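Derivation of every value follows stated rules applied to the coordinates shown; laboratory data play no part. Values in this document were obtained by computation on a predicted structure and should not be read as measured data. Backbone-built Cβ (ideal geometry, glycine too); neighbour counts: all protein chains shown.
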Amino acid sequence: MSILIDRSKRVLVQGITGREGQARTQLMTRYGTQVVAGVTPGKGGVEVDGIPVYDTVEEAWEIHGEIDISVLFIPAPFVRDAALEAVAAGIKLLVIIPDRVPIYDVLAIAQAAKDRGAHFVGPNTLGVLSPGKAVVGMIGGRAESAQTWFKQGPVGICSRSGGMTSSMAYYLAEEGIGATTLVHVGGDIVVGLPHPDVIQLFEGDPETKAIVMFGEIGGTQEERVADLVERGLVTKPIVAFIGGKGAKSGTRFSHAGAIVEGDRGTHEGKVRRLREAGVTVVEAFGELPGKTREVLQSHGIRTA
């Protein structure tokens, strides 16, 4: 199995006729993702890479039947309306790629999703990839790269950094360790599926035997993961690296959501809290593959 995405999921691309929409649709279809339709208001009737385009999500749903996932490649100011349209149509998972989506728009999307029993990844995400199965978003850049870099295996990968999502999967594969799913939770302050939610999904996935997490300063996502472990809600081994060790209070580290404010969200505090809960935390990113192999071996988990 995998979480969130596999070959069976039917995918819609909102903003499919834009530059990014066209390029990433090609990535997704070439990788094996079942993209059934696209939406760009005013562009209905054309095709992109053989995918029919409609003016509305409702129209695409009526013609093609139930759609599982919508991925949004549209300018940030228009994300709110597009996301609400997708949720209202009945789509249960959104992958919101753009950054700089206004926080009040994200909160409106979150409320609408909650009301409809839906979820979303992002904003400011590269998306989700299940090696050998499907990708939603832009992880890997091109299908050929994604097929070469990322291997199937027993480890779930989640990250607050897009680049580190790919890097972790690549270097783990170099170590002979494959993944069930890669999830970039997003780099903004408010995201739909933060680390704790994604890790609970991995906990429920029988093929995921261990979890590798890239955390950052700012917010409380990592501390909430520690809470889950202490409460026994997550029992699978976790190996983590926390970025931003040298950041000072008030300094933003790479992403909008990675900022230390006073004593909140510090590198030291996150590392201490995770270790107290029993999570394996490495000091340097380069230690992650080797330490993951050690942890897998200590738990009797095969890497392939």
Relative contact order (%) - the stretch 150-298, alpha-carbon pairs under 8 angstrom, separation at least six:
24 percent
Using mean Cβ contacts within 10 Å as the protection proxy, how do 7-13, 63-69, 44-50 order, highest first?
7-13, 63-69, 44-50
Give me the net charge for the shell around PRO41: Cβ to Cβ below 14 angstrom, other residues only, Lys and Arg +1, Asp and Glu -1.
-4
Which aspartates and glutamates does LYS43 reach when only Cα atoms under 18 Å apart count, and residues fewer than 8 places away in its own chain are ignored?
GLU20, ASP55, GLU58, GLU59, GLU62, ASP81, GLU85
Could you sort 102-108, 217-223 so that the peptide with the highest average Cβ count within 10 Å comes first and the rest follow in order?
217-223, 102-108
I need the P(r) histogram for the stretch 150-298: all alpha carbon pairs, bin width 5 Å from 0 out to the longest distance, whole percents.
2, 11, 22, 25, 22, 13, 5, 1, 0
Can you tell me which of PRO123, PRO237, PRO77 moves the most in a GNM of the chain? Springs connect C-alpha atoms under 10 Å apart.
PRO77
Figure the gain on full extension for GLU20 and ALA88 (residue separation times 0.36 nm, minus the Cα-Cα span) and round it to one decimal in nm.
22.0 nm
Cα convex hull of the stretch 57-183: mean projected area in nm², to one decimal?
8.1 nm²
Give me the Å³ per residue figure for the convex hull around the C-alpha atoms of the stretch 172-251.
112 Å³
Only Cα pairs within less than 10 Å get springs; with that Gaussian network setup on the chain, which residue of GLY286, GLY186, GLY153 has the largest fluctuation?
GLY286
Express the C-alpha Rg of the chain as a ratio against the empirical globular expectation 2.2 N^0.38 Å, rounded to two decimals.
0.97
Within straight cross-link reach of LYS92, meaning Cα distance under 24 Å, which lysines are found once same-chain residues fewer than 8 apart are removed?
LYS9, LYS114, LYS133
Under the 0.36 nm per residue contour assumption, what length would be gained going from the current alpha-carbon distance of THR56 and GLU175 to full extension?
38.3 nm
Near-label residues of the stretch 265-304 by backbone N, under 11 Å of a point 7 Å along Cα→Cβ of ARG231
none
Residues whose built amide H sits under 5 Å from the amide H of VAL279, excluding neighbours closer than 5 in sequence, are none
Anchor LYS245: lysines whose Cα lies under 20 Å away (excluding residues fewer than 8 positions away in-chain)
LYS270, LYS291
Just to confirm the number: angle between the C-alpha axis of helix 221-230 and the first principal axis of the chain, 0 to 90 degrees, nearest 10?
60 degrees
Have a look at GLY156, GLY243, GLY278 and tell me which one the Gaussian network model of the chain (Cα, springs below 10 Å) gives the largest fluctuation.
GLY278
